[in-house]
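Worksheet: the structure to be examined is printed underneath.
The values are calculated or read from the model by the stated rules, or taken from the named source; none is laboratory data. None of the values given here were measured: they were computed from a predicted structure. Every residue, glycine among them, receives a Cβ derived from its backbone with ideal geometry; neighbour counts consider all protein chains shown.
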Amino acid sequence: MSLSKRDELVQGALKAFYAGGFHAIGMDRLAKEAGVSKTAIYKHFRTKEELILATLRLRDEQFRNWLIRRVEALAENPRDQLLAIFDALGEWFLEDGFKGCMFIKASSEYLDREDPIHVTSAEHKRLLKTYFKGIAQKAGARDPEALAKQILVIKEGAIVLAHLLDPAEVADDAKGLARIAIEDALR
């Protein structure tokens, strides 16, 4: 099935924004990279912010679906799945073109907590925490919410540091920290 022009624009914008940031990438550059006119972009999106929101929704869907599938492929039981989150992240960190988290970038460029772009970025993190909580419940954690928060904090720190430092080392360190939190929560 071929993509609609709107879907093509969103996918092209996602790549451009991920590589170059949101404020740095203007509509002229987006039009050039997508091979369309600015008028064509504005036919589908009234503002650049609407296009950014569409790219964030697409990235959320892609990333969460990828992470869930990857975790389930790496481990069968919930306890192992909690650790497999960090194996999956380690794979992502080593991919060509890894440039950190699009949602961390978006929230750092749109600092107002009420801004829809910031809100959408925070929602992505809440959805991940909910996923982690579900695994923690299945694993028998005493306080699944607390463990999910710890996993999320470790994950987010790992993403930032993987972008700044040695990604393989960061992934290993994050998995080690997660193992400590998981063992404590499952006692």
Margin query: Against the condition more than 23 Å from D172 (Cα to Cα) and among the aliphatic types (A, V, I, L, M), how does A54 come out, does it pass?
Written below: yes
Check: Of the residues K149, K129, which single one is in contact with a Leu (Cβ under 9 Å, 6 or more places away or on another chain) and assigned to a helix (DSSP H, G or I)?
Finding: K129
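Does L128 fit the bill of being more than 18 Å from T55 (Cα to Cα), of a type outside the set (G, A, S) and in contact (Cβ under 8 Å) with a residue 40 or more places away in the chain?
On the way: more than 18 Å from T55 (Cα to Cα): no; of a type outside the set (G, A, S): yes; in contact (Cβ under 8 Å) with a residue 40 or more places away in the chain: yes.
So L128 fails the test.
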Check: Quick check: anything in region 110-118 among the hydroxyl-bearing types (S, T, Y), part of a helix (DSSP H, G or I) and out of contact with any strand residue (DSSP E or B) (no Cβ under 7 Å at 6 or more places or on another chain)?
Finding: no
Next item on the list: Would you check which residues across region 85-131 are more than 25 Å from A73 (Cβ to Cβ) and of a type in the set (A, V, I, L, M, F, W, C) and list them?
Entry: I104, A106, L111, I117, V119, A122
Notebook entry, point to check: Of the conditions (1) at pLDDT 95 or above; (2) surrounded by 14 or more Cβ atoms within 10 Å (Cβ to Cβ); (3) closer than 20 Å to V119 by Cα, E61 fails just one. Which one is it?
Noted result: (2)
Note to self: Between A136, A141, which is assigned to a loop (DSSP other than H, G, I, E, B), in contact with a Leu (Cβ under 7 Å, 6 or more places away or on another chain) and crowded, with 20+ Cβ neighbours inside 10 Å?
What the structure shows: A141
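Are any residues in region 153-171 acidic (D, E) and within 17 Å of S108 (Cα to Cα), and if so, which ones? Break it down into steps so the answer makes sense when it comes.
Kept after step one, since they are acidic (D, E), are these residues of region 153-171: 156, 166, 169.
Selection gives E156 alone.
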Next item on the list: Would you check if there is a residue in region 106-122 being in contact (Cβ under 8 Å) with a residue 60 or more places away in the chain, over 16 Å from K155 (Cα atoms) and among the basic types (K, R)?
Entry: no
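For region 161-183, does any single residue satisfy the condition of being outside any helix (DSSP H, G or I), of a type outside the set (A, V, I, L, M, F, W, C) and in contact with a helix residue (DSSP H, G or I) (Cβ under 7 Å, 6 or more places away or on another chain)? Lay out the reasoning, then the answer.
Pass one, region 161-183, residues outside any helix (DSSP H, G or I): 165-166.
After this cut, where a residue has to be of a type outside the set (A, V, I, L, M, F, W, C) as well, the list is 166.
This time we only want the ones that are in contact with a helix residue (DSSP H, G or I) (Cβ under 7 Å, 6 or more places away or on another chain), so: none.
So far as region 161-183 goes, no, none of its residues is outside any helix (DSSP H, G or I), of a type outside the set (A, V, I, L, M, F, W, C) and in contact with a helix residue (DSSP H, G or I) (Cβ under 7 Å, 6 or more places away or on another chain).
Just for region 6-42: of the residues that are polar (S, T, N, Q) and without any contact (Cβ under 8 Å) to a residue 40 or more places away in the chain, which one is farthest from E95 (Cα to Cα)? Spell out the reasoning first.
Narrowing region 6-42 to residues polar (S, T, N, Q): 11, 37, 39.
Now restrict to residues that are without any contact (Cβ under 8 Å) to a residue 40 or more places away in the chain: 37, 39.
On the way: S37: 32, T39: 34 Å.
Per the stated criteria, the residue is T39.
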